[in-house]
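Taking it in order: structure first as structure tokens, then the write-up.
We did not get these values from a lab; they are worked out from the coordinates using the rules stated. The structure presented is a predicted model; accordingly, all values stated were derived computationally and were not measured. A quick note on method: Cβ atoms are made from the backbone with ideal geometry, for glycine too, and the neighbour counts reach across all protein chains shown.
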Amino acid sequence: MNAVSNESSQEYSFSLRKIQIIEKQLVFRSQKEEKLEFDFDISLNIKTDSEKKQSFHFMNVVISDKDDKKKIGALSIVCIFDIDNLESLIINEPDETGLPRNLVYLLNTVVIGTIRGVMYSEFRGTILDDALLPVLDPRAFQKREK
């Protein structure tokens, strides 16, 4: 699937190459819980490889019991994007480096939706069956590129 976005007169052409689960964890709870409420600790990190014209978006979600704060599960994925003109898009300014913000927001939207679907699929029928990832603003994540 290829996507083209034209924001601020800058055109981005990219495709989602691969989705990979890095880690999946489910912590056994000895007693059956009636109805749990969940807290989510979410992080998203980006790395680029200009030679391969790829951007790697690593998203990690740790799910805890809202009451006792104990970890119940976790899921980490990486979404790998092919970006046609990646080298020309990379910003190397003193106050900003990495990919353009609008492109990062667009790719983050794909990653957030992807991990939500993977969580639903992987945790279905478990204690985390109702642990639905809240709606997230893709702009809320700080850009950390290496």
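With K and R counted +1 and D and E -1, the other residues having a Cβ less than 12 Å from that of residue 40 yield a net charge of -1. Placing unit charges on each Cβ (+1 for Lys and Arg, -1 for Asp and Glu) gives the chain a dipole about its Cα centre, and among 108, 72, 140 the Cα reaching farthest toward its positive end belongs to 72.
Cross-link pairs exceeding 24 Å in C-alpha to C-alpha distance, out of 24/70; 24/47; 47/69; 24/52; 24/69; 18/66, comprise 47/69; 24/52; 18/66.
Each residue of segment 78-93 was assigned a 3J(HN,Hα) from its phi angle through the Karplus expression (A = 6.51, B = -1.76, C = 1.60, θ = phi - 60°), giving 10, 10, 9, 10, 8, 10, 3, 10, 4, 4, 6, 8, 5, 9, 10, 10 Hz with x at Gly and Pro.
Its DSSP H runs of at least 4 residues, each contributing -39,500 (n - 2.57), put the calculated 222 nm mean residue ellipticity of the chain at -6000 deg cm²/dmol, to the nearest 500. log₁₀ I(q)/I(0) of the chain at q = 0.12, 0.13, 0.16, 0.18 Å⁻¹, via Debye over equal Cα point scatterers, no solvent, to two decimals? Debye curve over Cα of the chain, log10 I(q)/I(0) at q = 0.12, 0.13, 0.16, 0.18 Å⁻¹: -0.55, -0.62, -0.85, -1.00. A Cβ-based charge dipole, computed about the Cα centre of the chain with Lys and Arg at +1 and Asp and Glu at -1, lands at about 420 debye. Considering only 68, 39, 82, the mean-square fluctuation computed in a Gaussian network model of the chain, springs between alpha carbons under 10 angstrom, is largest for 68.
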